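Contents: one structure, followed by commentary.
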Amino acid sequence: MSNFPFLSVLTVAPLVGALVVAVLPRRRPDLAKLVAFGWSLLVLVLSVVMWIAFSADGDRFQFRESYPWIPNWGVNFTFEVDGIALVMLMLITILVPLVILASWHDAEASKRSVPAYFALLLVLECTMIGVFAAADVFLFYVFFEVMLVPMYFLIGSYGGHQRQYAAVKFFLYSLVGGLFMLAAVIGLWVVGGKTFDWQALSQAEFATDTARWLFLGFFVAFAIKAPFFPFHTWLPDAGGAAPAGAAALLVGVLDKVGTFGILRYCLPLFPEASRWFAPWALALGVIGIIYAALLAVGQNDLKRLVSYTSIAHFGFIGVGIFAFTTQAGTGAVLYMLNHGLATGLLFLVVGMLIARRGSALISDFGGAGKLVPVLAGVLFFAGLASLALPGTAPFVSEFLVLIGTFTVNKPVAVIATLGIILAAAYVLWMFQRTTQGTLNPALTEVDGMRRDLTLREKVVVAPLIALIVLLGFYPKPVTDVINPAVKATMQDVGRTDPAPAVGTVQEAAR
Amino acid sequence: MSELKLPPLDYAALAPILIMLGAALVGVLVEAFVPRRLRNGVQLALALLAVLAALTMVILNADARLLTAGQAIAVDGPTLFLQGAILILAVMTLLLMGERAVERGGAFVAHAAITAESAEDRRQAAGAGGATEVYPLATFAIGGMLIFVAANDLLTMFIALEVFSLPLYLLCALARRRRLLSQEAALKYFMLGAYASAFFLFGVALIYGFTSGIPGRVAGVDFATVHTAVTESASSPTLLYAGMALLAIGLLFKAAAAPFHVWTPDVYQGAPTPVTGFMAACTKVAAFGALLRVFHVAFAGAAWDFTPVLGTVAVLTMLVGAVLAVTQTDIKRLLAYSSIANAGYLLVGVLAPSKDGLSGTMFYLVAYGFSVLAAFAVVTLVRDADGEATHLSRWAGLGKRSPFFAAIFTFILLAFAGIPLTSGFTSKFAIFAPALDADQVWLVIAGVLTSMVLAFPYLRVVVMMWLSEPGDATPTVTVPGALTSAALVIGVLATLVLGVAPAPLLDLANGAAEFVR
């Protein structure tokens, strides 16, 4: 079964689906939705089969496929995944069908082509899968850049207020990062022996200065993508303007490309440069945690608030990566998955709330829990997951990051912990201002607010809630897959875990 | 008196050039003898046939590596590759020139002599058949370009420069509408072009003087002699530097590199759009073909001397093109500045003195030619009652009026911005990689930084087309005739194919990337 070309099929399948959806007649939007949803479910099934076929005790990289593309430059269609990439692929294939289902009526509001919206979502899925599955730096770069195009049109054509500004800002920021990376990619190619193959490049040795410059080229691109402070300002705009479904994918998956890129490319390819830069990266992470959390507290726009919370969470992930311990690294990767689930859920729920009220401003709500109790309950759960309440999945990852960091760098861990308190503040305050307290009389006049969660919406949130709870109590299936990959990455960086902490805490992690 | 001996001519190797020049002469006869109503069809067919015949000869010559006509013409890999490129791009240009379905009478004025803005001018603009002299003119220009990229001595190169420049000056003046703008463009182009030619000629004279210093050899301006002179001449190197600088000015003018670029936006805007496309694609190929040959063959030994200067020109060109593109409000001027910036990227390729650098530059020229011609083909289609609507504000909301053409144009703009899966990305890579390999780090960094700046104007057009609401002033896209459609399809497909599967063309360019000396 492992001979089946999982990764190429998984990458191409959504693209084929997108073409099918795109040629469906514009007058039959329901057909387009059904086809898109069905197609994304097929992709999900395929990825589940792949998950089962992946052997956690096996090689670090599995399902390798390689076909020549541009032999003159040594470019190949090389796909392979390690545990980290596999987990991200699962996150994508789980989120996309739910996002399609959640966006069922989003495209109609924009007066633009409905099939095109769902076709764009599938194109986006193709590029997202490709970016995580690629094991050829050139191929990775291609997906990294092409990913911008569908997202640009999702935000620009189907977004809300200020969508043009947000779309252009998003595109330009990402393109700037991408071009820095392009320079680094070409440089890597030149000094790395004119190959793009990750395996070959990870064996290559570079001069210290060269490696540091190349590292910075990649890091800037990934830091903008993630986004880390101070490259984050595009995210609140893009997240605030994007339709809720696209925003869930943007923050839930797209941004993980940045942290994934650091783990897959910056650390193993430039270990010395990574160690050299680690103090700065940790500082950026810590600043991001505190700064973004403070900004989140002050937001009056629900989607912008969620975007800021994400920036804070990315700070945690960054700290976890650059602490260079297996626990912190595992925590960071787990955080990437859990954040995708929790924030994805939060974005979708907030989107449902906004769709009912017709406004994203917190001040336009108040006491909404009396009108839509189930929705308010789900919002509460999503908020708690987002602030990493024990029992929800993000808690496990945040905890791992903090203890993993504490063993090597106490000040950073201590300051980062403050972020948890701020997280409680922004989540609970947001929840209180929207759903609790006296009922805002304006709410009762809005028709939408009289409908609680529909069956479709329940189907959207249920799997996410289940996964968050499940992984909160029993993360082992995921950590088993992640752990070997993270360990190998940390070995590439040349950092071993501090002796006393390893045995005990790592057992706890399992 | 010694007998004057004719040098042997390899007619097969010269065939493409002879075919084009011969066809141009026949075209002149056609103007004289064929009835007016038939002329357009006959001329177009003649020009297309000639180009295809010349292209066939280029392909048949594919393995030729020789010097002929008394060392004046070099038929080698780069010559054949670039001649092929010019001819294929010329097919697209001729198709655009021959289009009559988009506008009655085509893009050209009925008679160049009609006074601009007169009553007669308004009559001709309303639908008189366009001038058919454009075909022999274009054919002459193409023939001149074919010589230009093959020229193996500086005098032949100068003659070729004039042969292709003079028809271009005329072509620029022949726009059907906004004729004052068109005539101004032509005059400007002519005046500055004449200066540039004078610089070039002066440079040739200085280089001739420099070669006279080779002990025991006759002076000459063929590249082999110049090459020897660079290392062996006893003359003052000042002659070499001054000569090289003056030659470079002449060539960089044609290539539209800063600070010799100022004609570009005005001429691009005023010229009839098919001619603009012709200049942006074919002239660029010819100019860079000559630059490559002059600097890689004749002056190869002086690379240490010219690299910093040309590198500065390249950076300046990229900067000027990118920064000024941001402020443009007219699509043709925007494309002109983008073409200037692209000249800068191409110079980066010229400064990568390796086989990869040469093949990368040639690849870039072809890829860019296809995209830019497709872009101008779309520009010819977006029009209202007064002709083409080139002001950017008029393009607002085009995505809703004509989603198909807006999508095509978006694709081309993404290619210009260097997004992967388009030829714009692969060609940038083809140029930057050898440049970095040659340790031109700062050139690559400048290239990357200006690409970021340049992305903004492209993106602004995309935003205009898709994200703005169409206003009353938004023109519709005219349904293109078969000829424009064909040109558009060729351009867009090439942009896509060279982005997704560039390997065949790269192989071809690699196989061709060696000059004979």
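Every number here is computed from the coordinates shown, using simple stated rules; none is lab data. Model, not experiment: these values are computed from the prediction. Here Cβ is always computed from backbone atoms with ideal geometry, including for glycine, and neighbour counts include all displayed protein chains.
The mean number of partner chain beta-carbon atoms within 10 angstrom of a residue's beta-carbon across peptide A:175-183 is 6. Taking a ≥ b ≥ c as the square roots of the Cα gyration tensor eigenvalues, with a/c under 1.5 meaning rounded and otherwise prolate when a/b beats b/c, else oblate, which class fits the range A:66-111? Oblate is the answer for the range A:66-111, as a/c is 1.5 or above yet b/c matches or exceeds a/b. Using the Karplus relation 6.51 cos²θ - 1.76 cosθ + 1.60 with θ = phi - 60°, the per-residue 3J(HN,Hα) values for the range A:416-428 come to 4, 4, 4, x, 5, 5, 4, 4, 4, 5, 6, 5, 5 Hz, with x marking Gly and Pro. Cross-linked pairs A:256/A:487; A:225/A:458; A:225/B:400; A:33/A:169; A:33/A:458; B:284/B:355: Cα-Cα separations exceed 22 Å for A:225/A:458; A:225/B:400; A:33/A:169. Helices in chain A, meaning DSSP H runs of at least 4 residues, each add -39500 (n - 2.57). Divided by all residues, the mean residue ellipticity at 222 nm is -23500 deg cm²/dmol.
Sites listed here are trypsin sites (Lys or Arg not before Pro) in the range A:193-256 whose DSSP assignment is loop and whose Cβ has at most 16 other Cβ atoms within 10 Å: A:194.
Amide H contacts for residue B:384 (H built 1.01 Å from N in the peptide plane; partners 5 or more residues away or on another chain; cut-off under 5 Å): B:389. Residue by residue, the range B:177-186 carries 3J(HN,Hα) couplings of 10, 6, 6, 4, 4, 5, 5, 4, 4, 4 Hz when phi is fed to the Karplus relation 6.51 cos²θ - 1.76 cosθ + 1.60 (θ = phi - 60°); x denotes Gly or Pro.
When you restrict to C-alpha pairs under 8 Å that are six or more residues apart and normalise by the size of chain A, the relative contact order lands at 15 percent. Where in the range A:336-425 are there chymotrypsin sites (Phe, Trp or Tyr not before Pro) that are in a DSSP coil and have at most 12 other Cβ atoms within 10 angstrom of their Cβ? Here no loop site has a sparse enough neighbourhood.
Scanning chain A for GluC sites (Glu not before Pro) in DSSP loops with at most 10 neighbouring Cβ atoms within 10 Å leaves A:206-444 as the longest stretch between them.
Note on the range A:415-465: Cα-only Rg and Dmax are 15.7, 45 Å.
Both radii are taken from the alpha-carbon atoms of the range B:360-425; with Rh as the Kirkwood radius, Rg/Rh is 1.04.
If the viscosity is 1.306 mPa s and the temperature 10 °C, what Stokes-Einstein diffusion coefficient in µm²/s follows for the range B:269-315 when Rh is the Kirkwood radius over Cα pairs?
For these conditions, the coefficient is 128 µm²/s.
Per residue, the convex hull spanned by the Cα atoms of the range B:11-512 amounts to 125 cubic angstrom. Where does chain B land at 222 nm, in deg cm²/dmol rounded to the nearest 500, when only DSSP H runs of n ≥ 4 count, each adding -39500 (n - 2.57), divided by all residues? Helix contribution divided over all residues of chain B: -23500 deg cm²/dmol.
What order do you get for B:18, A:267, B:421 when you list them from fewest to most C-beta neighbours inside 10 Å?
B:18, B:421, A:267
Note on the protein assembly as shown: with charges restricted to the Cβ of Lys and Arg (+1) and Asp and Glu (-1), its dipole about the Cα centre is near 2140 debye. Summarising the amide proton neighbourhood of residue B:76: residues at separation of 5 or more, or on other chains, whose placed amide H is nearer than 5 Å comprise B:66. Close amide H partners of residue B:351, meaning residues 5 or more places away or on another chain with modelled amide H under 5 Å apart, do not exist here.
Within chain B, what's the longest stretch lacking GluC sites (Glu not before Pro) that sit in DSSP loops with no more than 15 other Cβ atoms inside 10 Å?
Free of exposed loop sites, the longest segment is B:118-513.
The convex hull built on the alpha-carbon positions of the range A:319-439 has an orientation-averaged projected area of 7.4 nm². With an a/c value of 1.5 or above and a/b not larger than b/c for the gyration tensor axes a ≥ b ≥ c computed over the alpha-carbon atoms, the range A:368-481 is described as oblate.
For the range B:205-273, applying the loop criterion from DSSP together with a ceiling of 15 other beta carbons within 10 Å to the chymotrypsin sites (Phe, Trp or Tyr not before Pro) yields no site.
Here, the range B:141-190 has an Rg and a Dmax of 13.1, 41 Å when only alpha carbons are counted. Please say if the range B:11-125 is rounded, prolate or oblate, where rounded means a/c under 1.5 for a ≥ b ≥ c the square roots of the C-alpha gyration tensor eigenvalues, and otherwise the choice is prolate for a/b larger than b/c and oblate otherwise? It is prolate, given that a/c is not under 1.5 and a/b is the larger ratio. Volume per residue for the protein assembly as shown equals 167 cubic angstrom (convex hull of Cα atoms).
In chain A, the alpha-carbon atoms span a convex hull of 126 Å³ per residue. Normalised size of the range B:72-111, defined as Cα radius of gyration per 2.2 N^0.38 Å with N residues, equals 1.73.
The average projected area of the range B:381-502, computed from the convex hull of its Cα atoms over all directions, is 8.5 nm².
Here the contact order of the range A:347-455, divided by its residue count and restricted to Cα pairs under 8 Å and six or more residues apart, works out to 47 percent.
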